[in-house]
Amino acid sequence: MLQHWLNLEEELHNSFSVIAIHTSLRPYKLAYVLNLALGTQLKRSKEDLDLKQQDTDLYFPLFEYNKPNYLFQYDLIGNRNIQVGKTDGVIHYEEIDSVRYEIGYLIPEHKKVDYFLKVDFGGDDQPLTECLNRINKIKGIQSVYLLSNSLIKSINNLIFD
């Protein structure tokens, strides 16, 4: 008997490209300038991307734009989740108002990346170089580059559709 197996996980990993963006711009400002540069209409999702890591719920800002007729989709996702909490105990008077920050990452192996732009052009990689060139010209963006999906260990965190 002939058996045929499909590896869907590998197909999902290769169905989109990931652009890393280094910038100090706030998420809404970055979405705005990307809309101007790329001619898109990235809009804040009604729900942030939530991820559970070590019994902690992390929320990452998510902006989406897709055109099903044209077979392309953009997802802008922040890489950092900062939780602010008071310190547990007071040892010295100076520490009463001190704040404790805990940072969680969507893709922990790329901690220095501020945002990820997940793009799916329906199998056509030609627009990627034009997309990178346009993003690179935006004032306030330090660097932008394409990440190889095989180098992203936590790529499952980017599969949320």
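Ranked by the mean number of other Cβ atoms within 10 Å of their residues, highest first, the peptides 72-81, 15-24 come out as 72-81, 15-24.
Computed packing ranks the peptides 31-44, 128-141 as 31-44, 128-141, most packed first, by mean other Cβ atoms within 10 Å. In terms of surrounding Cβ atoms within a 10 Å radius of their Cβ, Glu64, Glu109 rank from fewest to most as Glu109, Glu64. Cross-linked pairs Lys52/Lys153; Lys52/Lys111; Lys112/Lys153; Lys67/Lys153: Cα-Cα separations exceed 26 Å for Lys67/Lys153.
Bear in mind that the values in this text are calculations on the coordinates, not laboratory data. On a predicted model such as this, the values are computed, not experimentally measured, just so you know. Cβ sites come from the backbone with ideal geometry, for glycine too, and all protein chains shown count toward neighbours.
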